[in-house]
Amino acid sequence: MQRDNKNPIENYWSKRYKEQNTGWDIGMTSTPLKTYIDQLENKNLKILIPGAGNAYEAEYLFKNRFNNVYILDIAKAPLEAFQKRVPNFPSKHIIQGNFFDHKNKYDLILEQTFFCSFPPLPETRKACAEKMVNLLKPKGKLVGLWFNFPLTSDMEKRPFGGSKEEYLNYFKPYFNIKTFEKCYNSIPPRMGNELFGIFEKQ
């Protein structure tokens, strides 16, 4: 496992994983992302899953012979659990660190409500969108899920929601929007509360 620069928020996320306070974790590969992965033909794509947590999508990709997959999380606990669960996954592709410190270039970033883990402040979400585009190669894609429900005033209740219009304000300056709609194949508990997007770097 590789280690990027340390960040104070690491303790917050590590504590949540240790206490199993992970309501966003559905315990399996998300159906919308599985459907998207199943239509990918190029097994050599360099793929990043930021805020990977237990990284079920990475496990699914790896078992389907995508061998250039990287997972990144600020918390150590889920990455260690993943390494035990998928022992043949290359350890150098398991990175503990701060997303904003990470440096590499990818063909595809798979987003599993990672964006929604950041405080819903314009400067924070703008910085996240900028970092996403900077990590992509020319014509690289950001694909994934965003929560589609109103924000609350509780700044500690992560992950946070948002609206299609708000998210597009952050992504339109950097990406061509291929699709961004309410997810038709969410798992039942999330039906109507997820947006699925495919964004291509301009």
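General remarks:
- If you go through segment 51-67 and keep only what is at pLDDT below 90 and open to solvent by 50 Å² or more (accessible area, probe 1.4 Å), you end up with nothing.
- N88 closer than 21 Å to Y36 by Cβ and either assigned to a loop (DSSP other than H, G, I, E, B) or out of contact with any Lys or Arg (no Cβ under 6 Å at 6 or more places or on another chain) (or both): no
- Residues (open to solvent by less than 50 Å² (accessible area, probe 1.4 Å), over 16 Å from S91 (Cα atoms) and either in contact with a strand residue (DSSP E or B) (Cβ under 7 Å, 6 or more places away or on another chain) or not in a loop (DSSP other than H, G, I, E, B) (or both)) located in segment 34-49: Y36, I37, L45
- Unique residue being surrounded by 21 or more Cβ atoms within 10 Å (Cβ to Cβ), farther than 23 Å from T29 by Cβ and touching a Leu at 6+ places or on another chain (Cβ under 7 Å) when the list is F99, F175: F175
- Inspection of segment 80-93 identifies no residue that is under 15 Å from E57 (Cβ atoms), of a type in the set (D, E, K, R), surrounded by 21 or more Cβ atoms within 10 Å (Cβ to Cβ) and in contact (Cβ under 8 Å) with a residue 24 or more places away in the chain.
- Qualifying residue in segment 111-123 (condition: of a type in the set (D, E, K, R), open to solvent by 30 Å² or more (accessible area, probe 1.4 Å) and assigned to a loop (DSSP other than H, G, I, E, B)): no
- Reported count of residues in segment 88-135, each being in contact with a helix residue (DSSP H, G or I) (Cβ under 7 Å, 6 or more places away or on another chain) and charged (D, E, K, R), is 3.
- Segment 153-179, subset touching a helix residue (DSSP H, G or I) at 6+ places or on another chain (Cβ under 8 Å) and assigned to a strand (DSSP E or B), residue modelled with the lowest pLDDT: G162
- Hits in segment 180-202 (condition: farther than 13 Å from W146 by Cα, open to solvent by less than 50 Å² (accessible area, probe 1.4 Å) and in a loop (DSSP other than H, G, I, E, B)): N185, I187
The values are calculated or read from the model by the stated rules, or taken from the named source; none is laboratory data. Not measured: the values here are computed from a predicted model. For neighbour counting, all protein chains shown are included, and Cβ atoms are generated from backbone atoms with ideal geometry for every residue, glycine included. Areas reflect the complete protein model, heavy atoms only, side chains present, ligands, DNA and RNA absent. Shrake-Rupley method; radii C 1.70, N 1.55, O 1.52, S 1.80 Å.
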